[in-house]
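Throughout, read-outs are computed from the coordinates displayed, never taken from laboratory work. Remember, predicted model here, so these are calculated numbers, not experimental data. Positions of Cβ are backbone-derived with ideal geometry, glycine not excepted, and every protein chain shown enters the neighbour counts.
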Amino acid sequence: MQSRACILMIAIAMVPQALAAQAAAGTKPAAPAPAPAAAPAPVRSNSPVADGLRGMHQRFSSILIAAAEAMPADKYIYRHTPGQMTFAQIQVHLANEGNDVLCGNTAGLAVPQRAAVDSTATKEQLVARLKETFQFCEQAFARMDDSKLADPISMFGMNMTRATAVLITVADWSDHYSQEANYLRLNGVLPPTAQRRM
């Protein structure tokens, strides 16, 4: 027992001498590791509303066009109840006053002057027009930013801000896609958003 205590005392006495020898030899204890660099801040857009609108356009143009293509041509006359629009009339609404008026006014651009279509148009004609109007929306939103969201505009006989027009545009797409998804299901067709993703 006494020999262990003696060895411990000798070891303790030698620690300061070992440290002094290291310092004299120019070796220093290792410096603590530097703190990890902070993660870079997320990139923030100067126009998050316009960016969000462009994202919603990408989503809804894709699924609304896919829904129009998915419905069989002979079912374009379908409506669940007499008070509802037929599937063709939804396409006509989007083609005539929906997309062009909404996207043009929201972006502050002139609304394209196109020949009106009606529900007697073929499925192919209605799908082609729908694609045209969504292409206009894409072009209209391409350079849009958030700097004019508070600007007053008039649309459908109502006075509003451009920010309100953004919300109305997305709500309109959502409303009509919901209608179309139900019409598709009631005709045994799986809506685009319900299909299994590959």
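Could you compute the FRET efficiency for Asn187 and Asp118, with r as their C-beta to C-beta distance and R0 at 22 Å, rounded to 0.05? Using R0 = 22 Å, I get an efficiency of 0.50. What is the local net charge at Val117, summed over the other residues whose Cβ is closer than 14 Å to its Cβ (Lys, Arg +1; Asp, Glu -1)? Taking every Cβ under 14 Å from that of Val117, the sum is -1. Taking θ as phi - 60° and the Karplus parameters 6.51, -1.76 and 1.60, the scalar couplings of the range 150-155 work out to 8, 5, x, 9, 10, 8 Hz in sequence order, x denoting glycine and proline. Once you reduce the range 86-108 and the range 133-182 to the center of their Cα atoms, the two points are 10 Å from each other.
Annotation: amide H-H contacts under 5 Å for Met155 (H modelled 1.01 Å from N, sequence separation of 5 or more, or interchain): Met160. Couplings for the range 132-142, taken from phi via the Karplus curve 6.51 cos²θ - 1.76 cosθ + 1.60 with θ = phi - 60°, read 4, 5, 5, 5, 4, 4, 4, 5, 5, 7, 4 Hz in order; Gly and Pro are left as x.
Working note: Karplus 6.51/-1.76/1.60 with θ = phi - 60° gives the range 119-126 the couplings 6, 7, 5, 6, 4, 4, 5, 5 Hz, where Gly and Pro are set to x. Spin-label model, Ala171 to Gln125: label points 7 Å out along the Cα-to-beta-carbon direction sit 3.3 nm apart.
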